[in-house]
Amino acid sequence: MLSYFRINDPYRLIIIFIALILLRLPFLTSTDWITVQELKWMVVGEKVNDGALLYSELWDNSGLPAAWVYAFIDLVAGRSVLVYQIVALLIFFLQVGFFNFIALKHKMYHENNYLPALFCGILALSLFNILSLSPALMGLTFILFSINSLLNYIASRNKLDGSLINIGIQIGIASLFYLPYFLFLLVHVAALLFFTSTQQRRYLLLLYGITFPSILIGLYYAWHGHLTDFLNNYFLSLFTIEPEGFMGLGQIFKLLGLTITLFLLASPKNTFFFRIQCFSGKNPENYVFVFSRFRPDNDALCK
């Protein structure tokens, strides 16, 4: 079966999409699977659609763009669980396809295939609520955009200031959907430090891009006299509201162990390792650490 998805053919994504629909049918055909969070998002959509101003007249820490999406769905379909499930499934499928596109474009694996999309779909179905229309799911789309833009920037010889601003804006929009996504700033900064010689002022451009979407939303609330409500009920909610845990610590470690196991099983051909490789030169005893793709022919470098 896996050999079918090792062929570089975009139509393999259609098979993955059909498989996602079939495996998701119990959730699509029944309303018994609705969670408290999903019901809350429906209520948020209703209230915003009725004209309530989020964070001021409606106290909730959901991202404002996510609330707009819920309001639009409420306007079109009301409290239709099926519509919420279908929209979430479509968004996730587009994310899986785009992730596989990033993997193919930037040569992340030894082979060009659609196994990354397949395994993303399988892992997503292992958790019952990962395919719900959550702010985190919607914001993940812009995180993928930022990762693709970052890899394009690293690979480009002509590094433009506007590219870093765009990367920052994409992270900033994602954090407006789901606030913890702003932590991806650290990941992007680390990648720029290790793989580019980016000037210090360009890191400020990245920071400016991240804050720009929040500044626009802040100006909107300041215009209506509710800037404090926006700051308190969204940004400060990360520290004042206790997170709701749907999984125990033991379950989280089990899931982490499964992820690490899959990583180790895929390691011999598809991942990166720190390896010692020796290079011929004036001093044959010089050894350096390099960050290289593991391939069977790499040992030929140390003859």
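Tabulated data
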item	result
Two-decimal Rg to Rh for the range 125-218 - Kirkwood Rh, Cα set	1.02
Accessible area per residue, Å², the range 22-83 with all protein chains present, probe 1.4 Å	54
Sites H110 and F195 - FRET efficiency at Förster radius 30 Å, r taken between beta-carbons, to 0.05	0.90
Stretch gain in nm, segment Y220-L236, where the contour uses 0.36 nm per residue and the Cα spacing is subtracted	3.9 nm
Dipole in debye (nearest 20) - the range 25-154, about Cα centre, beta carbon charges: Lys, Arg +1; Asp, Glu -1	420
Shape of the range 92-137, Cα gyration tensor, a/c cut at 1.5	prolate
Rh by Kirkwood over Cα pairs, then Stokes-Einstein D for the range 128-174 at 0.890 mPa s and 25 °C, µm²/s	212
Rounded FRET efficiency, nearest 0.05, which uses the C-beta distance separating T228 from V36 and R0 of 25 Å	0.30
Accessible surface, per residue, of the range 148-200 when the full set of protein chains is kept, probe 1.4 Å, Å²	53
Estimated FRET transfer efficiency when R0 is 45 angstrom, pair A155-A19 (beta carbons, to 0.05)	0.90
Backbone HN-Hα couplings from phi across the range 206-220 [Karplus 6.51/-1.76/1.60, Hz, Gly and Pro as x]	4, 5, 4, x, 5, 7, 4, x, 5, 5, 4, 5, x, 5, 4
Phi-based couplings in Hz for the range 37-46 (Karplus 6.51, -1.76, 1.60; Gly and Pro marked x)	4, 5, 5, 5, 5, 5, 5, 4, x, 4
Whole-Hz couplings from phi, Karplus 6.51/-1.76/1.60, listed for the range 72-86; x for Gly and Pro	5, 5, 5, 5, 8, 10, x, 8, 8, 4, 4, 5, 4, 5, 5
Residue (of I102, L82, A71) at the positive-pole extreme of the range 45-182, dipole from beta-carbon charges	I102
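The values are calculated or read from the model by the stated rules, or taken from the named source; none is laboratory data. Predicted model, so just to flag it, every value in this text is computed and none were measured. Cβ sites come from the backbone with ideal geometry, for glycine too, and all protein chains shown count toward neighbours. Only protein heavy atoms, including side chains, enter the accessible area calculation; ligands, DNA and RNA are left aside. Shrake-Rupley method; radii C 1.70, N 1.55, O 1.52, S 1.80 Å.
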